[in-house]
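The values are calculated or read from the model by the stated rules, or taken from the named source; none is laboratory data. Note that the structure is predicted; figures quoted are calculated from it, not measured. Neighbour counts run over all protein chains shown; Cβ positions are idealised from the backbone, glycine included. Heads up: the accessible areas ignore ligands, DNA and RNA and are worked out on the full protein's heavy atoms, side chains in. Shrake-Rupley method; radii C 1.70, N 1.55, O 1.52, S 1.80 Å.
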Amino acid sequence: MNIINIPALKDNYIWILYNAKKECLIIDPGEYISIIQIIQKLKLKITAILLTHHHKDHTAGVRKLLKLFPVKVYGPLETVNAGTNHIVSENDILTLLGYHFKVLFLPGHTLGHVAFYSKPWLFCGDALFSAGCGRLFEGTAKQMYESLQKIKQLPGDTLIYSAHEYTWSNINFAASILPKDNNIISYLKNVKKKRIKNESTLPTSINKELKINLFFRCKDKEIQKKLNTSSNNEEEWKIFAKLRTKRDLFT
Ligand SMILES: [Zn+2]
């Protein structure tokens, strides 16, 4: 399988998967012109569109694509107005391009957010980013915390295809909290090199995120100290909530 990204809008990635027969899947098309260009150039045939959540920067290209290619659009209930014609929910298995994709329900960023998992690939929209996680637009901190726990349990070599290039800003936030953390500092240097050349920092992996993503490290005493809290007297999702609030205020 080939997996490529199309940088779109301000900082979105539209992921395209295609097999040897040149059949492809489009994930979260926030626009359509760049997709048409790529599929013409690579001579791809759209088989299906997958949507992780209802935000326009993930769905605005669906109707235009459907006019040209009347394919199946898989997404959670909240994406019906965007053009979804096959509603998916937790643990559904979709067989596409000869691969099985499991639907993971990951509420928090939105209430119906899902991800698509086909070992070793995870297409997780705005649930998890490299060194960060999605903002809590609709769900609670507890929901998002639990969604991230679900992702964290996937195998370490899982490749994470997030829908935004937010890594530079996220890793700067992580370095502001843990300025002496070797993993964070070396990742910061790598990310800087890539971003200067306008290269993508994705996919990332579970193993990497376990080291550098503060939202995966709420048990870490150093992080708790910075948040003036401790897991002894506070539930872990509350530490996550404090961290998320601090991230929202970071510029
Ligand atoms: Zn979103």
- Query: What is the number of the single condition among (1) in contact with a helix residue (DSSP H, G or I) (Cβ under 6 Å, 6 or more places away or on another chain); (2) open to solvent by 40 Å² or more (accessible area, probe 1.4 Å); (3) not polar (S, T, N, Q) that LYS150 does not meet?
  - Reply: (1)
- Message: So, in the range 27-48, how many residues would count as being away from the ligand (no atom under 16 Å from the Cβ) and either in contact with a helix residue (DSSP H, G or I) (Cβ under 6 Å, 6 or more places away or on another chain) or of a type in the set (Asp, Glu) (or both)?
- Response: 1
- Item | Count of residues meeting criterion [surrounded by fewer than 16 Cβ atoms within 10 Å (Cβ to Cβ) and of a type in the set (D, E, K, R)] in the range 227-245 | 3
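Residues checked against (1) under 17 Å from the mean Cα position of the chain (by Cα); (2) in contact (Cβ under 8 Å) with a residue 60 or more places away in the chain:
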{"site": "LYS152", "(1), (2)": "yes, yes"}
{"site": "PRO155", "(1), (2)": "yes, no"}
{"site": "THR167", "(1), (2)": "yes, no"}
{"site": "PHE173", "(1), (2)": "no, yes"}
{"site": "ASN183", "(1), (2)": "no, no"}
{"site": "TYR187", "(1), (2)": "no, no"}
{"site": "ASN190", "(1), (2)": "no, no"}
{"site": "ASN207", "(1), (2)": "yes, no"}
{"site": "ILE212", "(1), (2)": "yes, yes"}
- For the range 96-108, how many residues are in contact with a helix residue (DSSP H, G or I) (Cβ under 7 Å, 6 or more places away or on another chain) and open to solvent by less than 10 Å² (accessible area, probe 1.4 Å)? 2
- Which residues, counting only those in the range 119-138, are within 14 Å of the ligand (Cβ to nearest atom), in a loop (DSSP other than H, G, I, E, B) and in contact with a strand residue (DSSP E or B) (Cβ under 7 Å, 6 or more places away or on another chain)? ASP126, ALA127
